[in-house]
1. Touching a residue at least 40 places away in the same chain (Cβ under 8 Å) and either of a type in the set (Ser, Thr, Tyr) or closer than 30 Å to Leu16 by Cα (or both), is that true of Ala51?
2. Among residues belonging to the stretch 2-48 that are in a loop (DSSP other than H, G, I, E, B) and more than 14 Å from the chain's Cα centre (by Cα), point out the one that is surrounded by the most Cβ atoms within 10 Å (Cβ to Cβ).
3. Scanning the stretch 51-67 for residues that are part of a loop (DSSP other than H, G, I, E, B) and under 17 Å from Ala91 (Cβ atoms), which turns out nearest to the chain's Cα centre (by Cα)?
4. Tell me, which residue of the stretch 73-103 that is part of a helix (DSSP H, G or I) and small (Gly, Ala, Ser) is nearest to Ser33 (Cα to Cα)?
5. Need the failing condition index for Ala70 against (1) closer than 20 Å to Leu117 by Cα; (2) without any contact (Cβ under 8 Å) to a residue 12 or more places away in the chain; (3) open to solvent by less than 40 Å² (accessible area, probe 1.4 Å), just the number.
6. Could we say that Leu54 is out of contact with any Phe, Trp or Tyr (no Cβ under 6 Å at 6 or more places or on another chain) and within 23 Å of Arg105 (Cβ to Cβ) here?
7. Restricting attention to the stretch 51-71, which residues are of a type in the set (A, V, I, L, M, F, W, C) and within 21 Å of Val10 (Cβ to Cβ)?
8. Val102: of a type in the set (A, V, I, L, M), open to solvent by 40 Å² or more (accessible area, probe 1.4 Å) and touching a helix residue (DSSP H, G or I) at 6+ places or on another chain (Cβ under 8 Å), yes or no?
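The values are calculated or read from the model by the stated rules, or taken from the named source; none is laboratory data. Quick caveat: nothing in here was measured; it's all calculated off a predicted structure. Methodologically, a virtual Cβ is constructed for each residue, glycine included, from the backbone with ideal geometry; neighbour enumeration extends over all protein chains shown. When the accessible area is computed, the model is the full protein with side chains, heavy atoms only, and any ligands, DNA or RNA have been set aside. Shrake-Rupley method; radii C 1.70, N 1.55, O 1.52, S 1.80 Å.
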Amino acid sequence: RKPTTFTDVVACARTLVASGLVRADSLALEGRSAGGLLVGATLNRAPELFACALASVPFLDAAGTLQDGALPLTANEWEEFGNPNEVGGHAAVLGFSPVHNVVPRARYPACLLLPALNDARTGFW
């Protein structure tokens, strides 16, 4: 059910633009850690809706990181995100993992990604 989070954000952004409360060329998206996952997955779904995005210590390689149950918090998050070590879970996580769903030649907004050197879950590589 995790992808609902991303489609909800897209729906909210579309509603804000359609209602005239904001223009897409002035709408920003921001998130930190798992919120960075939200930023990345949302941008992959609708990059045209945002003027810019800020992701601090973003969790962008969900499929790769969640495979390692030895990392802090990972096993606890399998219930929410899915366990990529299981067949159904792997497909689910791969379906929203930001680095695995970048759209070739899409026009993404300006993005600032702020990594952390000492965060095992959100590597800077």
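1. Values: touching a residue at least 40 places away in the same chain (Cβ under 8 Å): yes; either of a type in the set (Ser, Thr, Tyr) or closer than 30 Å to Leu16 by Cα (or both): yes.
Against the criterion (touching a residue at least 40 places away in the same chain (Cβ under 8 Å) and either of a type in the set (Ser, Thr, Tyr) or closer than 30 Å to Leu16 by Cα (or both)), Ala51 qualifies.
2. Within the stretch 2-48, the subset in a loop (DSSP other than H, G, I, E, B) is 2, 19-23, 27, 33, 46.
Retained after the next criterion (residues that are more than 14 Å from the chain's Cα centre (by Cα)): 19-23, 27.
Values: Ser19: 8, Gly20: 7, Leu21: 9, Val22: 15, Arg23: 10, Leu27: 17.
If we take residues in the stretch 2-48 being in a loop (DSSP other than H, G, I, E, B) and more than 14 Å from the chain's Cα centre (by Cα), then Leu27 is surrounded by the most Cβ atoms within 10 Å (Cβ to Cβ).
3. Once the filter is applied, the top-ranked residue is Asp61.
4. Just the residues of the stretch 73-103 that are part of a helix (DSSP H, G or I), to begin with: 74-81, 87-96, 98-100.
Of the ones still in play, those that are also small (Gly, Ala, Ser) are 75, 88-89, 91-92, 95.
Details: Ala75: 16, Gly88: 24, Gly89: 21, Ala91: 22, Ala92: 19, Gly95: 19 Å.
Result: Ala75.
5. (3)
6. Numbers: out of contact with any Phe, Trp or Tyr (no Cβ under 6 Å at 6 or more places or on another chain): yes; within 23 Å of Arg105 (Cβ to Cβ): no.
Criteria not met by Leu54.
7. Kept after step one, since they are of a type in the set (A, V, I, L, M, F, W, C), are these residues of the stretch 51-71: 51-55, 57, 59-60, 62-63, 66, 70-71.
Ala51, Cys52, Ala53, Leu54, Ala55, Phe59, Leu60, Ala62, Ala63, listed by residue number.
8. On the way: of a type in the set (A, V, I, L, M): yes; open to solvent by 40 Å² or more (accessible area, probe 1.4 Å): yes; touching a helix residue (DSSP H, G or I) at 6+ places or on another chain (Cβ under 8 Å): yes.
Judged against the criteria, Val102 is a match.
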